[in-house]
Amino acid sequence: MTGRRITYRTADGKRVPGTWRHAFIRNFDYHLTDLFIYADGLVDCWGLVTLEEFEEKLRSGWVATELPEGARASGHELAAWRFSEPQTWLTPELLLAEIRDTIDQLNGRPDATDRCLAAVDAFLADRTEEKRAAARAAYLAIPETRRHYALGDMDRKDQPLQALVAGPGGRMERPDAVVTRELYDEAVAYFEDRAKWIAERPSRVPADGPATPVAPAIHLYQSYPVKASDDPGTKALRNDYPAPVDIEGVTYPSVAHAYWALSTDDTEARAAITEADTSFTAKDLASRTGRRGGWEQARTAVMAGLLRAKYTQHPALARILLATDDATLVYDDSDSGFWGDNAGRGRNWTGRLLELVRSELHADRAAAPQP
């Protein structure tokens, strides 16, 4: 299974998606390394090969599935050792089947498990022995190491599947047991319940609501507003938008002014920053003096407080923020990869904090408790 191990290589200027898995390569000694499998069917086992060539590498033992007692092995620049009572469940046939499954997954095609479950659905719709035999053959075609996970049920594993395809009086693979009528009926009921759950899944909403935003993302592009507007739109969500904020009796022309003023403990510099005619000038003045001690660790909390002040003290701007609903807010900041998203290269902390403050405003509207 590809899981989260996603990589790619470039071929003819195009990205070919891939994944990787651990393996031993036998080149005199046994070397613990990674096999890279790509969607176009090529496998990198210390050199790109086709699937047919990879099978030859398996048969020759270059990609090793047998680990002899006492053989010397190494992990590159990590360690070296000799095998003592080695145990492996891989065979050339099994590893090749797993690789074929992985290539299907990378291409979004049904793999052996998907084909088995489709055969099971066909049997349940028309319960003939011919259809059962086809389902059983499809089950046995799943690489043995993956049969346990065919149903995605970590409690029952694949036992209902084994019982269903074996039928009453048939034998299960694991544990070695005869399928009783009771066990078979339980398996049929399991799959009927599973079919209902799958049918309902598209319309099922998590108890806590959707996991992803419903509204389209909103990009807060860099801008340098000089004066407030009657209809600023989302430009009002920029930190340099001229919306005065009062912090402990001091009024700053914008959140940006306040941020830079509070970043220094130089009294004269702070006054000059506060009085700067633009946020650009405020930042320039701040750059000429040092940051207060621990600023890097404190700055996110300071910015959160400033944004709360801005939208609490300016209800009209709060309405603009609330109008973004639950959209992801993508904030540009050409000078900071910390505060800005910057084409996916930054951390977008301003956007994230705006979403937090927006949620707090929604909570206020809903009279939701906020500990």
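Okay, here's what the table says:
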item	result
Boolean, residue 230 is more than 30 Å from residue 276 (Cβ to Cβ), among the charged types (D, E, K, R) and surrounded by fewer than 13 Cβ atoms within 10 Å (Cβ to Cβ)	no
Residue 298 of a type outside the set (Asp, Glu), assigned by TED's automatic domain parsing to the domain that holds residue 233 and either on the phi > 0 side of the Ramachandran plot or surrounded by fewer than 15 Cβ atoms within 10 Å (Cβ to Cβ) (or both)	yes
Which numbered condition residue 137 misses (of (1) in a helix (DSSP H, G or I); (2) at pLDDT below 95)	(2)
Members of the stretch 1-19 that are over 17 Å from the mean Cα position of the chain (by Cα), of a type outside the set (A, V, I, L, M) and assigned to a strand (DSSP E or B)	9, 10, 14, 15
Any hit, the stretch 157-164, residues being surrounded by 15 or more Cβ atoms within 10 Å (Cβ to Cβ), over 27 Å from the mean Cα position of the chain (by Cα) and not assigned by TED's automatic domain parsing to the domain that holds residue 125	no
Verdict on residue 151 being in contact (Cβ under 8 Å) with a residue 40 or more places away in the chain and not in a helix (DSSP H, G or I)	yes
Members of the stretch 315-371 found to be assigned to a loop (DSSP other than H, G, I, E, B) and among the hydroxyl-bearing types (Ser, Thr, Tyr), listed by number	324, 328, 334, 336
Some residue of the stretch 270-290 being under 30 Å from residue 213 (Cα atoms), among the hydroxyl-bearing types (Ser, Thr, Tyr) and exposed (fewer than 13 other Cβ atoms within 10 Å of the Cβ)	no
Test result for residue 241, among the hydroxyl-bearing types (Ser, Thr, Tyr), at pLDDT 95 or above, in contact with a helix residue (DSSP H, G or I) (Cβ under 7 Å, 6 or more places away or on another chain) and in the same structural domain as residue 124 (by TED's automatic domain parsing)	no
Criterion violated by residue 293 - all others in (1) surrounded by fewer than 19 Cβ atoms within 10 Å (Cβ to Cβ); (2) in contact with a strand residue (DSSP E or B) (Cβ under 8 Å, 6 or more places away or on another chain) satisfied	(2)
The stretch 319-337, residues that are in contact with a helix residue (DSSP H, G or I) (Cβ under 6 Å, 6 or more places away or on another chain) and under 17 Å from residue 256 (Cα atoms)	331
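The values are calculated or read from the model by the stated rules, or taken from the named source; none is laboratory data. Computed from a prediction, not measured in an experiment: that's the story for all the values here. Virtual Cβ from ideal backbone geometry, glycine too; neighbours counted across all protein chains shown.
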